[in-house]
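Accompanying notes for the structure given below.
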Amino acid sequence: MSSSSSFPSSSAASTNTTDKLAVKTMQDLITSLNTTMGDNGLGKDLSTVHKVKQLMHSYTSHSQDWAQHAVYHEGTRYTRNLVDDGNGKYNLLILVWGEGQSSPIHDHAGSHCMMKLLAGELNEDLFAWPEQAGSCDTSNTENLRLKRTAPLKTNSVAYMHDNIGLHRIGNPSNTQKAVSLHLYSPPYNMCKTFNESTGTAVSSSCTAERLTKLNNTFSATLPSHNYACLSNTTAHISVLTGAHKSGAAITSM
């Protein structure tokens, strides 16, 4: 699929916060996103895409806002935890990335993807679609062409759409986990993952876990940009130490 110049840049290095909006907490962000997108989600209105990107920029990460959603299961590359399912036109997920772990190369099933890094660091590898007359024909067997690699630092925002290409997100740190906030509009449960050597694709599940808090108290108080120990109905996991007592692996890409 060829890229469109009218779509926002997918640059992961951007940290522009020119327009300071009244988004001080995660709940402020959720409320503002609902108001901005209304009943239509992101859809085809690219002016709304730019407004949502500004909103994501305007929120400064505070771990007390999102720590209850940052559940990580040891033995997985990363976990996908539902924060808000919006009005059915979008959803918000928090992903926790294990040390040195990455996603497969994947598309977004035609959805808009907005990603903000809440803690740690990530890299984004952007790939061109397998070339077949400029289409998204996933039966083509050519190695994928890497267009660029860009760093994503805490509080920066990246945007991705199938019109821009395919991407892979990875945590370059072998000592620290990373936490990121993802907005998908419309929501989806299946996407395609791609073999870098051949360009062939398979359908993959990309579901998220819905968490239920037992209380509003975390079991540890940690410095900024670290992660609290979390209590939920499926597991008690310390993202900081990697220790856990129970919890099944989350199905993800």
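The values are calculated or read from the model by the stated rules, or taken from the named source; none is laboratory data. Since the model is a prediction, treat every value here as computed from it, not as a measurement. Here Cβ is always computed from backbone atoms with ideal geometry, including for glycine, and neighbour counts include all displayed protein chains. Each accessible area value is taken on the protein alone, full model and side chains, heavy atoms only, with ligands, DNA and RNA left out. Shrake-Rupley method; radii C 1.70, N 1.55, O 1.52, S 1.80 Å.
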Scan segment 50-92 for residues that are touching a Phe, Trp or Tyr at 6+ places or on another chain (Cβ under 7 Å), among the hydrophobic types (A, V, I, L, M, F, W, C) and within 20 Å of Thr36 (Cβ to Cβ) and report the count.
0
With the first residue restricted to segment 113-130 and required to be under 21 Å from Tyr188 (Cα atoms), and the second required to be among the basic types (Lys, Arg) and open to solvent by 10 Å² or more (accessible area, probe 1.4 Å), Cβ contacts under 6 Å at 6 or more apart or on different chains are Leu126/Lys147; Leu126/Arg148
Result of the Cβ filter at 6 Å on segment 38-66, keeping first residues that are under 19 Å from His112 (Cα atoms) and partners that are surrounded by fewer than 13 Cβ atoms within 10 Å (Cβ to Cβ) and acidic (Asp, Glu), at least 6 apart or interchain, is Gln54/Asp19
Answer from Asn216, Asn163 - the residue that is under 27 Å from Ser32 (Cβ atoms), at pLDDT 50 or above and not small (Gly, Ala, Ser)
Asn163
Condition set open to solvent by 40 Å² or more (accessible area, probe 1.4 Å) and part of a loop (DSSP other than H, G, I, E, B), scope segment 101-123, selection nearest to Asn40 (Cα to Cα): answer is Gly110
Which pairs turn up if I take residues in segment 201-216 that are over 17 Å from Pro187 (Cα atoms) and look for partners that are assigned to a loop (DSSP other than H, G, I, E, B) and modelled with pLDDT under 60 with beta carbon separation below 8 Å, at least 6 apart in sequence or on another chain?
Ala201/Thr138; Leu211/Thr233; Leu211/Thr234; Thr212/Thr233; Leu214/Thr233
Per-region count, segment 46-75, residues open to solvent by 40 Å² or more (accessible area, probe 1.4 Å), of a type in the set (Lys, Arg) and either within 17 Å of the chain's Cα centre (by Cα) or closer than 23 Å to Trp97 by Cα (or both):
0
Give the residue, chosen from Thr60, Thr76, that is farther than 22 Å from Ser185 by Cβ and at pLDDT below 90.
Thr76
If I filter segment 171-198 down to residues being without any contact (Cβ under 8 Å) to a residue 60 or more places away in the chain and hydroxyl-bearing (Ser, Thr, Tyr), which single residue comes out as farthest from Glu124 (Cα to Cα)?
Thr198
Being touching a Leu at 6+ places or on another chain (Cβ under 7 Å), farther than 18 Å from Leu181 by Cα, modelled with pLDDT of 90 or more and not in a loop (DSSP other than H, G, I, E, B) is the requirement here; does Lys147 meet it?
yes
